[in-house]
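Q: Please find one structure pasted underneath; my questions will follow.
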Amino acid sequence: MQYFIIPGFHNSGPEHWQTYWEKSLTGVRRLEQRDWEHPDFKEWSASLEIAAHGFTEPTILIAHSLGVSLTVHYLTEHKDLKNVAGALLVAPADVDSPERTPDALRSFAPMPLAALPVPALVAASENDPFVTLPRAMFFAAHWKASCFNVGALGHINADSRLGDWPVGLQMLKSLETRITRRPH
């Protein structure tokens, strides 16, 4: 199994759990964007599509924040997902809410509300400034994804001081087990 990290707005810095995972897990790659500070949906989507064409074996997408919206758009809009095995969707930024997310993210709206074609888990926090827990649960229900309340961890980012985030790694392993046991 391979892993593909999809950061959100501003990328994921050195103290972000995604960066820890990139360094500690085997078979990890990270999506790169030309401009992390000025997200453009079309440009970011093209980057993900190009990267996904390079997946040579089953891959779990590991998305955070705005990266969740990007990932869900990709999964619901593309037919050829042969090497996308599943998705771990952490702290989905509510791109539909001007009260919760900056205007710079509006090109990623609306958030898709279709069932995802691969197994998915959503990790949501009770005090995330960019999405309420009920809204994250609403997204997960529409995506037919399992949703886990991880407690009061803010935006589940570097500010949350999670290090390599062992609970998240357990969720990832749980998703991987679910995928490998799934009939083909």
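Please treat every number below as a calculation from the coordinates, not as lab data. Small disclaimer: the values here were computed from a predicted structure and weren't measured. Cβ sites come from the backbone with ideal geometry, for glycine too, and all protein chains shown count toward neighbours.
Q: Tell me which of Phe108, Ser69, His53 sits at the most positive position along the dipole axis of the chain, charges placed on C-beta atoms (Lys, Arg +1; Asp, Glu -1).
A: Towards the positive end, the residue furthest out is His53.
Q: Once every DSSP H run of n ≥ 4 in the chain is given -39500 (n - 2.57) and the sum is divided by its residues, what mean residue ellipticity at 222 nm do you get, rounded to the nearest 500 deg cm²/dmol?
A: Numbers: 5 runs with 60 residues, N = 184.
Helices in the chain give a 222 nm mean residue ellipticity of -10000 deg cm²/dmol.
Q: Take the Cα radius of gyration of region 139-179 and divide it by 2.2 N^0.38 Å, with N its residue count; two decimals is plenty.
A: Relative to the 2.2 N^0.38 Å estimate, region 139-179 comes out at 1.30.
Q: To continue, here is another question. With r defined as the distance between the Cβ atoms of Lys173 and His142 and R0 fixed at 22 Å, what FRET efficiency is calculated, to the nearest 0.05?
A: That gives a FRET efficiency of 0.30.
Q: Could you work out how much longer the chain between Leu133 and Thr56 gets when fully extended? Use 0.36 nm per residue separation minus the Cα distance between them, nm to one decimal.
A: 24.2 nm
Q: Can you put Met171, Met137 in order, fewest other beta carbons within 10 Å first?
A: Met137, Met171
Q: Another question, if that's okay. Please compute the modelled spin-label separation between Asp159 and Asp40, points set 7 Å along Cα→Cβ, answer in nm with one decimal.
A: Going by the 7 Å Cα→Cβ label model, 2.8 nm.
Q: Let me ask you something else. In the chain, if the dipole is taken from +1 on Lys/Arg beta carbons and -1 on Asp/Glu beta carbons about the Cα centre, which of Ala123, Ser12, Ala85 is farthest to the positive end?
A: Ala85
Q: Rounded to the nearest 5, what is the percent of antiparallel bridges among the DSSP beta bridges in the chain? Mind showing how you got there, number by number?
A: Values: 0 of 22 bridges.
About 0 percent, rounded to the nearest 5.
Q: Taking a ≥ b ≥ c as the square roots of the eigenvalues of the Cα gyration tensor of region 79-184, is the shape rounded (a/c under 1.5), prolate (a/b larger than b/c) or oblate?
A: Oblate.
Q: How long is the gain from Leu81 to Lys23 if the chain were fully straight, where each residue apart is worth 0.36 nm and the alpha carbon distance is subtracted?
A: That works out to 18.3 nm of additional length.
Q: Hey, another quick one. Once you've got the GNM for the chain with C-alpha springs shorter than 10 Å, pick whichever of Asp96, Asp164, Asp80 has the biggest mean-square fluctuation.
A: In the Gaussian network model the winner is Asp80.
Q: Now a separate question. What number, in percent, do you get for the relative contact order of region 2-181 if the mean sequence gap of Cα pairs under 8 Å and at least 6 apart is divided by its residue count?
A: 22 percent
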